[in-house]
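The values are calculated or read from the model by the stated rules, or taken from the named source; none is laboratory data. Keep in mind that this is a model prediction, so the values were computed, not measured. Cβ atoms come from the backbone with ideal geometry, glycine included; neighbour counts cover every protein chain shown.
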Amino acid sequence: MEPRYRRLSIQAAFVLTVVCLFTSICASQAGTSQSKAVNTPDAFSQALNKYPGLLPELSHLLDRLKREIQFPAERRQSDLMPVLPASTTFYAGFPNFGEPVHQAMTIFNDELKQSPALRDWWQQSDMAKTGPQVEMSIEKFYELSQYLGDEMVIAGDTESSAPSAVFVTEVRKPGLKAFLQQMLKELPDKSTTNVRVLDLEDLANAKEEDPKVHGLVVLIRPDLAIVGADLNSVRKLSQRLDSKGGDFASSLFGQRLAKAYEGGVSVVAAADLHKIVGKLPAGKPEGQQALERSGFKDVKYLVWDHKSVNNQSLGEMEISFTGPRRGAASWLAAPALIGGLEFVSPKSVVAVSVRLKNLGEVYDDIQQFGAGSNPNALATIPQMEQAMHINLKDDLLSQLQGEITFALTDFKAPQPEWKAILRVNDADRLQKTLNKLLQATPVVARQSEEEGVTYHSLTVPSAQKPLQIVYAFVDGYLVVGSSHDAATEAVQLHKGGESLAKSAKFREAFPPGYPREVSAVVYEDASAMTAFRLRQLSPDMAEAMSHLTPASTPIVFCAYGEERAIRGVSAGSGADASAILVGAAIAIPNMMRAKTAANESAAVGALRAINVAQTTYSYKYLQNGYARDLASLGPDPRGSGLKTANHAGLIDADLGSASCISGAWCEKAGYRFSIAGVCRLRSCKEFVVVATPVASASGSRNFCSTSDAVIRFEVGPPLISPVSAEECRQWAPLQ
C-alpha cells in the first residue's frame, strides 16, 4: 500500500475520532446544571481522566488503518475523457473510494469489539445515537460504489449563458437504477423527490421539467451513468455517445490533460482558463483595459494533479499562458538560488521566499494600472517625494532586487519573533533613503556595532507597548528582525552555515526531481504550526497529540516562473500527516462554536416564547398581572390538563415544571432560565426573565427580557444570580 494513501486513511480516521470525542465532551458539559459561574477545566483533560486507556487504543486503531487499508492504484489514462465533448471547459477526475471507506469502517468496528476503552468512550458519546445512522450511510455508499467504475469525472463547459456540468462514471454491473430508486425512497429528506432516475427508454419519453423546479437527473445507460442538473444536458451527452462519442480527447485542452495522466495521478483537475476569460461579461472599457494590462487575459490552462513520486506525496500545478508572461503576470521572476534562506533558522515554523522583478519595474506596472483605472490614485506621491527629498522608485524601490524572505520563528505573545531578508543593490544609497524617511517619523533610532556589523534599532511608539525593529546590511542583504536577538541570530546563521537552507530536514522535504533554483518557496513545519494551534485550544490535547502522532517532515511548496507558464509543486509527508492536526484544530473550535450558536439561538427562542406567554397570562389573569415564576406559566404537574393561574399551561414542562419557582433556575438546551416578578401584593406589573449558559462551553452570552418584550444580551461568564429589570434594560438589545 502506498505511503500517501496510508496517510490519507489516518487523516480520515483521526479527524473522525477527535470530532466525535469533542462532540461527546461538549454534550456532557451542556447537560450539566450549574448554580453559579464556574471556570470550566480543560475538557480534553477530563476525557483523558475518564478514559485513561483511550489514547493508546486510538494509536493502535490508526496504526491498523495505516497498515491494512488498500487504496486504488494511480491511473495513467482516463477511459472517460473520450466520451466528453470538445467544448469541455473544466474537468475533475478522481478514483472510486468506496472500497477504502468500507475497509476503514470494518476495521473501526473490529476495534470497538476488541477494545473496552474505545467501546466505553464510543457508547457514552453522542455517536451512540448517531453512529448507527453513520454506519448505515457508509454501507449504502459502499453498495453504491460497487455499481460504479474505477474513475469518476465531473466536467462541464461555458458554451451557454449558464455553465453546465455533468458527473460521469462507468457502470460496473446491472441493477443500478433499481438500487438508486430504492435508496431515494429510504431517505428522509423530501427534496430527493426532485431527483429523477431514468434509463434510455425513460429518457426517450421524458419531458423537460419546469425550469423553476430544480433537481438532478440521473441517467443509467448500460455502459455509463450520467448525472446532470437538468434533462437537456444529460440528453445531449447521451445522444453524442450514441452518435460518435465525444472529441474532447483530441482537443488541445484534452491533449494537455492526457499528458497529466501519463505520470500517474490519483486526482486531477483542470480548466481552460482562456475560454473562461473569453466568456466573461464585457463590463466597462476600463475594466477590460485593466485585465489586458495585467497580463492575465493571456492565461491558457490551469492543471493540478496529485500523485506519488519516490514514496513521497506530490501536488503539481501549472498555469500556462498563450504567450510570454507580461504585466502583473510577469512579476514572478525566473528561478534562481534564494540566498535569503541562509539567514533563516532551521527552527522556523514558517518561511516564505519569493523572487520578483526589480521592485522599481513593479512600481512602473502599478503606475500604469493606476493611470488606467484611476488617474488620481498616485497623485499625492510626487508631493511626498518632494517633501522628503527622495525619489520613491530610484532611491528606494529600485534598490530592492525583488528577492524577499520572511520567516516566523516563534508565536510567543505579545510579539511573535520574525525576520525579513531583502536583497539590495546599493546598501549605502538605501540607508540614506531610510534615514530621510525616518526623520519624518516619531521613531527613535539607535545604532550599535557587533563583530563588524552595524545594527540599527528603531523604537516605534505604541499605546500599549513600544514596537522594536532592528535591521542591518550584510553581504548584499537587508536583514530586519523583531528584536536585536532575532537580527543577530540571522547574521550568525548566515556566517556559520547552519541555516534552514543548509538543514537536512529542508533538503529531505524538497520535491524530488525538482531543481533547487526556484522563483518562490514556502516552508512550513506543519507539526509545530498545528501543535501551536492545538495549544491555544487545549494544552492537554496538544500534549496528547504529540505522543499519538509521529513527527512528520515539513511541507515545502515551490514555484517556478517560466516564459509562458508558472509551475508549482508541493511535497512533504507533513502535508498529509499534519492534515490530521489541522483538521482537528479547525473542526473542533468550529464544532464548538456551532454548538454554542445553536444553544444561544434556542435560548433566544425560549425567551420569545416566555414573553408571549407572559402577555397572554396578564390578559387572562388580570388580577395577577404577570406570572411570578416559570411554574405559573407551565402545565399542571398532575397531568390533569387543567389551566389555572398557578399552572396556566402556556409553556412546555421543560421550562415550566413545578420546581421552576421564583429564584430557581430551570435548564433547557444548554441554558438555565429564571423569572422574577416585580409585584405589589398579589399583582405583578413587571417581570424579568433571564437565560444564562450552564457552563462557559455552552454559550458566551447571557440574555434577558422584561415586559417591553425586547431581548437584550451581555457577553460574559454564566451568571450566579438573576439580574433585575433595571439591570436588564441596560444591556444591549439583540438585533
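Could you go through the range 323-344 and let me know if any residue there is modelled with pLDDT under 85, in the same structural domain as Phe557 (by TED's automatic domain parsing), part of a helix (DSSP H, G or I) and over 30 Å from Thr553 (Cβ atoms).
So in the range 323-344, the residues modelled with pLDDT under 85 come out as none.
No - not one qualifying residue is present in the range 323-344.
Looking at the range 398-405, can you tell me whether even one residue there is hydroxyl-bearing (Ser, Thr, Tyr), within 33 Å of the chain's Cα centre (by Cα), surrounded by 14 or more Cβ atoms within 10 Å (Cβ to Cβ) and modelled with pLDDT under 90?
no
Quick one: which of Ala676, Ala709, Ala695 is at positive phi, touching a residue at least 40 places away in the same chain (Cβ under 8 Å) and assigned by TED's automatic domain parsing to the domain that holds Gly605?
Ala709
On the basis of being surrounded by fewer than 19 Cβ atoms within 10 Å (Cβ to Cβ), touching a residue at least 40 places away in the same chain (Cβ under 8 Å) and not in a helix (DSSP H, G or I), does Lys465 make the cut? Give the derivation first.
Details: surrounded by fewer than 19 Cβ atoms within 10 Å (Cβ to Cβ): yes; touching a residue at least 40 places away in the same chain (Cβ under 8 Å): yes; not in a helix (DSSP H, G or I): yes.
Considered against the rule, which asks whether it is surrounded by fewer than 19 Cβ atoms within 10 Å (Cβ to Cβ), touching a residue at least 40 places away in the same chain (Cβ under 8 Å) and not in a helix (DSSP H, G or I), Lys465 comes out as yes.
Looking at the range 345-371 only, could you name the residues that are of a type in the set (S, T, N, Q) and assigned to a loop (DSSP other than H, G, I, E, B)? Let's see the steps before the verdict.
Within the range 345-371, the subset of a type in the set (S, T, N, Q) is 345, 348, 353, 358, 367-368.
Matches in the range 345-371: Ser345, Ser348, Asn358.
Cβ-Cβ distance below 6 Å, separation of 6 or more or different chains: which pairs start in the range 719-735 with a residue that is in the same structural domain as Cys679 (by TED's automatic domain parsing) and more than 18 Å from Ile661 (Cα to Cα) and end on one that is part of a strand (DSSP E or B) and polar (S, T, N, Q)?
Taking only residues 6 or more apart or on different chains, the pairs are Cys728/Thr706.
Could you list, ordered by first residue, the pairs with Cβ atoms under 7 Å in which the first is in the range 617-638 and at positive phi and the second is surrounded by 22 or more Cβ atoms within 10 Å (Cβ to Cβ) and of a type outside the set (A, V, I, L, M), at least 6 apart or interchain?
Short answer, once both residue conditions are applied: Gly625/Cys684.
Quick one: Gly663 ticks every box in (1) part of a loop (DSSP other than H, G, I, E, B); (2) out of contact with any helix residue (DSSP H, G or I) (no Cβ under 9 Å at 6 or more places or on another chain); (3) surrounded by 19 or more Cβ atoms within 10 Å (Cβ to Cβ) except a single one, so which number is it?
Checking Gly663 against (1) part of a loop (DSSP other than H, G, I, E, B); (2) out of contact with any helix residue (DSSP H, G or I) (no Cβ under 9 Å at 6 or more places or on another chain); (3) surrounded by 19 or more Cβ atoms within 10 Å (Cβ to Cβ), the one that fails is (3).
Name the residue that is surrounded by the most Cβ atoms within 10 Å (Cβ to Cβ), counting only residues in the range 165-182 that are among the aliphatic types (A, V, I, L, M) and in a strand (DSSP E or B). Before the answer, list the steps.
Looking only at the range 165-182, we keep the residues that are among the aliphatic types (A, V, I, L, M), and these are 165-166, 168, 171, 176, 178, 180.
Add one more test, that the residue is in a strand (DSSP E or B), and what stays is 165-166, 168, 171.
Details: Ala165: 17, Val166: 22, Val168: 24, Val171: 17.
Per the criteria, the residue is Val168.
Among residues belonging to the range 572-613 that are in contact with a Ser or Thr (Cβ under 7 Å, 6 or more places away or on another chain) and at pLDDT 80 or above, point out the one that is surrounded by the fewest Cβ atoms within 10 Å (Cβ to Cβ).
Restricting to residues being in contact with a Ser or Thr (Cβ under 7 Å, 6 or more places away or on another chain) and at pLDDT 80 or above, the top hit is Asn611.
Kindly provide the set of residues from the range 332-349 that are surrounded by fewer than 19 Cβ atoms within 10 Å (Cβ to Cβ) and hydrophobic (A, V, I, L, M, F, W, C), ordered by number.
Ala333, Ala334, Ala336, Leu337
For (1) surrounded by 18 or more Cβ atoms within 10 Å (Cβ to Cβ); (2) more than 14 Å from Ile675 (Cβ to Cβ); (3) at pLDDT 90 or above, each residue gets a yes or a no:
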site: Thr615; (1), (2), (3): no, no, yes
site: Pro635; (1), (2), (3): yes, yes, no
site: Gly641; (1), (2), (3): no, yes, no
site: Ala645; (1), (2), (3): no, yes, no
site: Gly656; (1), (2), (3): yes, no, no
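Taking Glu361 and the conditions (1) closer than 16 Å to Leu392 by Cα; (2) surrounded by 20 or more Cβ atoms within 10 Å (Cβ to Cβ), which numbered condition does it fall short on, given that it satisfies the others?
That leaves (2) as the condition not met.
Might you check whether a residue that is assigned to a helix (DSSP H, G or I), at pLDDT below 85, among the charged types (D, E, K, R) and surrounded by 16 or more Cβ atoms within 10 Å (Cβ to Cβ) occurs anywhere in the range 63-85?
Checking the range 63-85: at least one residue is assigned to a helix (DSSP H, G or I), at pLDDT below 85, among the charged types (D, E, K, R) and surrounded by 16 or more Cβ atoms within 10 Å (Cβ to Cβ).
Within the range 698-717, which residues are surrounded by fewer than 21 Cβ atoms within 10 Å (Cβ to Cβ) and over 14 Å from Leu607 (Cα atoms)?
Those that are surrounded by fewer than 21 Cβ atoms within 10 Å (Cβ to Cβ) and over 14 Å from Leu607 (Cα atoms): Ser700, Glu714, Val715, Gly716, Pro717.
Count, please, the residues in the range 127-163 that happen to be outside any helix (DSSP H, G or I) and modelled with pLDDT under 80. Even if it seems obvious, please write down each step before you answer.
Restricting attention to the range 127-163, the residues satisfying the condition of being outside any helix (DSSP H, G or I) are 146-163.
When the remaining residues are screened for being modelled with pLDDT under 80, the result is 158-163.
Number of matching residues: 6.
Examine the range 435-458 for a residue that is among the hydroxyl-bearing types (Ser, Thr, Tyr), free of Cβ contacts under 8 Å to residues at least 40 places away in the same chain, in contact with a helix residue (DSSP H, G or I) (Cβ under 7 Å, 6 or more places away or on another chain) and in a strand (DSSP E or B), and state whether such a residue exists.
So far as the range 435-458 goes, yes, one or more of its residues are among the hydroxyl-bearing types (Ser, Thr, Tyr), free of Cβ contacts under 8 Å to residues at least 40 places away in the same chain, in contact with a helix residue (DSSP H, G or I) (Cβ under 7 Å, 6 or more places away or on another chain) and in a strand (DSSP E or B).
Does Glu508 fit the bill of being at pLDDT 90 or above, among the charged types (D, E, K, R) and touching a Ser or Thr at 6+ places or on another chain (Cβ under 8 Å)?
So Glu508 fails the test.
Given the structure, is Arg429 over 25 Å from Ser348 (Cβ atoms), touching a helix residue (DSSP H, G or I) at 6+ places or on another chain (Cβ under 9 Å) and of a type in the set (Lys, Arg)? Steps first, answer last, please.
Working: over 25 Å from Ser348 (Cβ atoms): yes; touching a helix residue (DSSP H, G or I) at 6+ places or on another chain (Cβ under 9 Å): yes; of a type in the set (Lys, Arg): yes.
Taking the combined requirement at face value, the residue satisfies it.
Every residue in the range 239-260 that is of a type outside the set (A, V, I, L, M, F, W, C), crowded, with 18+ Cβ neighbours inside 10 Å and part of a helix (DSSP H, G or I), please.
Gly254
Is it fair to say Gly649 is surrounded by fewer than 16 Cβ atoms within 10 Å (Cβ to Cβ) and either modelled with pLDDT of 90 or more or out of contact with any strand residue (DSSP E or B) (no Cβ under 8 Å at 6 or more places or on another chain) (or both)?
Judged against the criteria, Gly649 is not a match.
So Arg682 ticks every box in (1) farther than 19 Å from Gly625 by Cα; (2) surrounded by fewer than 19 Cβ atoms within 10 Å (Cβ to Cβ); (3) modelled with pLDDT under 85 but one. Which box is left unticked?
Going through (1) farther than 19 Å from Gly625 by Cα; (2) surrounded by fewer than 19 Cβ atoms within 10 Å (Cβ to Cβ); (3) modelled with pLDDT under 85 one by one, Arg682 breaks only (1).
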